[in-house]
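See structure below.
Any read-out appearing in this document is the output of simple, stated calculations on the displayed coordinates, not a laboratory observation. Everything quoted here is computed from the prediction, not taken from an experiment. With ideal geometry, Cβ positions are generated from the backbone for all residues, glycine too; neighbour counts draw on all protein chains shown.
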Amino acid sequence: MVCSAEPAVTEKKFKKRGRPSKINHRVEAVILGRLALGNSLAKICKRPYMPRYSTITAYIDRNEDFKEKYLRARDDQAEYLAEEVQDIADTAIDRDSAAAASVKINARRWRAGTLKSKFRDKTSGDVHVTSVVNNLLVLTAQRQTELQERMRQALPVI
């Protein structure tokens, strides 16, 4: 029989220290579901029993699995916002509601474009502003000069 003077070493399992995460599978599902339905992360965080914005962003950085799901929910959000544009356009029935719908549509188009490149406006970088105000056409200075030059060329000199 061999006797040892050293005490037997037992492995202890240490519990994680600190406050437990407020994000569990149920909270993950709520966050991802609401994101996919067009809610902003800031709006979701304001709901009762939801973790703070900074808690969620830190969780995204730490958890690769959740990060992948989060990015997928953001793609779904862009699709949802793009589809919502048609519904908003269909609600316009007069001039005032059309103006309100236009603001909502532009906001959703912009947000969808920031989330997913296929919804970005394909512009050349040149900005041309024209609008009709009280049946008057408002033109950019360059366009007005072009039209005046065309008029001079088209009219015969008397």
- Message: Whole-Hz ³J(HN,Hα) for each residue in region 35-41, computed from phi via Karplus 6.51 cos²θ - 1.76 cosθ + 1.60 with θ = phi - 60°, x for glycine and proline: what do you get?
- Response: 4, 4, 8, x, 6, 7, 5
- Message: Quick check: Cα centre of region 58-100 to Cα centre of region 25-51, how many Å?
- Response: 13
- Item | Where the Cα pairs of region 25-120 fall when distances are cut into 10 Å bins, in % | 16, 40, 29, 13, 3
- Going by how many other beta carbons lie within 10 Å of each one, how would you line up VAL103, VAL85, VAL30, fewest first? VAL103, VAL30, VAL85
